[in-house]
Amino acid sequence: MLKTRWKTAAGAVALALVAGCTTPAPPPPPPPPPPPPVVQAEPIPYRPIPPAGSPYVMQIPARNATGERLTVNHGIDEHEAVWHFRSGWNVAALNCLGPDDEIINTSYGQFLRSFPNGLASANRTMEQRFRDLTGSARAAIRAREEHSTQVYNYFALPGARANFCAAARQIAIDFPNYQGENVREYAALNLPLLESAFLRFFDEYESYQQLSAEWDRRYGAQYGASQPGYVAVWGAQGMPAGVSSSLIAGEPVGAVGEVIDPETGAAIPVIPASETAVSTPVVQPISSAEGPEQ
């Protein structure tokens, strides 16, 4: 019995010795690294669109060295200011057709009746000025009509129409409160209010021109063909497409009819469109992961 116990103990010791000499198992391998993050493609914005549904391409009055816009109302004297103001109010009476715009037409009639002598004096001064410039009565009439048409077209610019009508409404509302008798004073006070609507539009359009030029620089080569504005500016083959309309030349924009001014013979463009209507097409560039972006 002792011999058996001795053998058992000896076997246990042998097993312990063998276990002490065994190399420990290596640690498990580290987990695989996470997959690289998916890099999202840069979203490509659509090309900026012009304000108020304006053309993709148009000329706006430039600025002079002091930053002033060289519009038809820049640098005019008090007599011409009277005639420009009267013309602007006339255009508003014809083209501002919203539910709150009837007062524009009503107050315009009151304005004409309030200053008959002052308006007649301004008209005679303008007629004489064109005779002096042209040298004949016939040429003066033609030059006066051309100038008046340019002024009317300026005030009928669709892009500025909402702000223009708002300014005309305010002038019409305030007119009964005017107690003066000098139409030149009145025109000098209120022509800038009408003009501000156009200056605001020109600033907005200038901003569009700058933003769209930056878009053309960054994305035009790859995405330009999908953008109507880019094609309008550069053409389908990336070449300049020219200018579609000009305020400097006094071309009518978007007119669907006209009314002849009985005093000057100038054609007043009529634009019976919604002040808030915008029909400029917008296309969003779409990038494809498996091929060239469209």
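Rule-based calculations on the coordinates, nothing more; no lab input. Keep in mind that this is a model prediction, so the values were computed, not measured. Every residue, glycine as well, gets a Cβ built from its backbone with ideal geometry; the counts of neighbours run over all protein chains shown.
Of the peptides 28-34, 59-65, 166-172, 126-132, the ranking by mean beta-carbon count within 10 Å, highest at the top, reads 166-172, 126-132, 59-65, 28-34. Taking 0.36 nm per residue of separation and subtracting the Cα-Cα distance, full extension of the segment from Glu214 to Gln128 would add 26.1 nm. Report note on the peptides 88-95, 178-185, 77-84: ranked by the mean count of other C-beta atoms within 10 Å, highest first, their order is 88-95, 77-84, 178-185. Across region 16-147, counting alpha-carbon atoms alone, Rg and Dmax equal 38.4, 132 Å. Label sites at Glu102 and Ala232, each approximated as a point 7 angstrom past Cα along Cα to Cβ, lie 3.6 nm apart.
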